[in-house]
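**Q** Provided herewith is a single structure, encoded as structure tokens, for subsequent inquiry.
Here, each number is a calculation from the coordinates, and none is a lab measurement. Small disclaimer: the values here were computed from a predicted structure and weren't measured. Every residue, glycine among them, receives a Cβ derived from its backbone with ideal geometry; neighbour counts consider all protein chains shown.
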Amino acid sequence: MTLLVIVGLTFISEVIDQMGRLEAQYQTLQAMVYSITRLPAMVYEYIPFACLVGCLFGLGSLTSTSELVIVRAAGVSIYRIVFLVLKPVAIMALLGVLLGQYIVPATEQIAESKKALSLYGDRGYVTKGGVWTREGNTFMHFSVVQPNGVLYGVSHYTFDENHNLRTAAYSDRATYQGDHWVLEGVVETTLGDMQTDAVEYDVLRWDSEITPELLSVVIVSPESLPLTGLWQYAHYLQEQGQNSIEYFIAFWKKALQPLTTFSLVVVAISFVFGPLRSVTMGFRIFTGAIFGIVFQTIQNMLGPAAQVFGFDPIYAALVPAGLCLILGMWLLSKVR
């Protein structure tokens, strides 16, 4: 119930945000489709927070009616109660793993590609949005990336060893043919020391290590990618000499999300039996919301800190969850 409320409010906020971005070819219908397609990502994102608040609400209700007191008086230990609470939480955590690995990557790719295609329309070169990537000394920009291996608005910029621009090419469309790409409507400009030469091609072969699978990774945020895709793309960036820390951080946050969910629930249980035993339900939920926000803020701060200070990205996800678990177990140990 908590998850439905949070996702519902987030969905309304998303729709309002998209209404402010309407353009000639991106209208209300497209904005609604985009927001609806992003629902699985919203569910996945808020599962840990919903488990925290839901646990405070559920156990808090039992505390308010003295049912937990009766349960404990019957000889049920604190840790037995923790185990009973974690059983349904395990189902939610499993739901999160399945969503994050199989559903969210597909729906996010569909949402972003359809939105980009609506914004792109029949126009030529688009500088707003799109995807940038690099292969060797060639920098590429794609206005629209579709999951089926079709690109729109493809730009190539090749530099020499002295970082001087040597060729610039633009093509309307590119399709993947299994081991290479086929560019359509190509205009290629070669920059010499004294002059430039422009050549047009109706069709041109493009050999590249970039595949639709790799591009499906870059069109969505790292948090929306499957674990396997994150791991592969992070190593691909390493091989290309690019910064891969952001993707490793997202990988570990995603891999450790079940631990994060369990640690937040343990904290919620410790609050109900400890500091929040005698307070009102509203104050419990308020405290849980504040704690969840502080937790998320710390986790978000450790990500950039890993890039600045160079420590292992796994700590950006492990430290907040570990501290929560330690705090919860310590508070539970104080319960009499």
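**Q** Stokes-Einstein at 10 °C, 1.306 mPa s, Kirkwood radius from Cα pairs: D for the chain in µm² s⁻¹?
**A** 69
**Q** Based on the alpha-carbon gyration tensor of region 261-316, what equivalent-ellipsoid semi-axes (square roots of 5 times the eigenvalues) come out, in whole Å, largest first?
**A** Gyration-tensor ellipsoid for region 261-316: 30, 11, 7 Å.
**Q** May I ask for the distance between the Cα centers of region 264-331 and region 8-40, given as a whole number of Å?
**A** The distance from the Cα centre of region 264-331 to that of region 8-40 comes to 31 Å.
**Q** Further question: When the convex hull of the C-alpha atoms of region 131-218 is computed, what volume per residue in Å³ does it have?
**A** Spelled out: Cα convex hull of region 131-218, divided by residues, is 84 Å³.
**Q** Follow-up. Principal axis lengths of region 1-91 from Cα atoms, whole Å, largest first?
**A** Taking max minus min along each principal axis of the Cα atoms, region 1-91 gives 67, 23, 13 Å.
**Q** Please sort by residue number the trypsin sites (Lys or Arg not before Pro) in region 1-87 whose DSSP state is loop and whose Cβ has at most 12 other Cβ atoms within 10 Å.
**A** Those satisfying the criteria are 21.
**Q** As an exercise, find the ratio Rg/Rh for region 202-336 from alpha-carbon atoms, using the Kirkwood inverse-distance average for Rh.
**A** 1.16
**Q** If you don't mind, there's one more thing I want to ask. With each label point set 7 Å from Cα along the Cα-Cβ vector, what nm distance links residue 102 and residue 138?
**A** Inter-label distance under the simple model: 3.7 nm.
**Q** In the chain, which longest range has no chymotrypsin sites (Phe, Trp or Tyr not before Pro) that are both DSSP loop (not H, G, I, E or B) and surrounded by at most 14 other Cβ atoms within 10 Å?
**A** By the stated rule (loop sites, at most 14 other Cβ atoms within 10 Å), 126-310.
**Q** At most 16 other C-beta atoms within 10 Å and a DSSP loop state: those are the exposed GluC sites (Glu not before Pro) I care about. Give me the longest piece of the chain that has none.
**A** With GluC sites (Glu not before Pro) excluded where exposed in loops, the chain gives 1-160 as its longest stretch.
**Q** Mind jotting down the distance between the C-alpha centroids of region 72-107 and region 184-242, whole Å?
**A** A separation of 41 Å, based on Cα centres.
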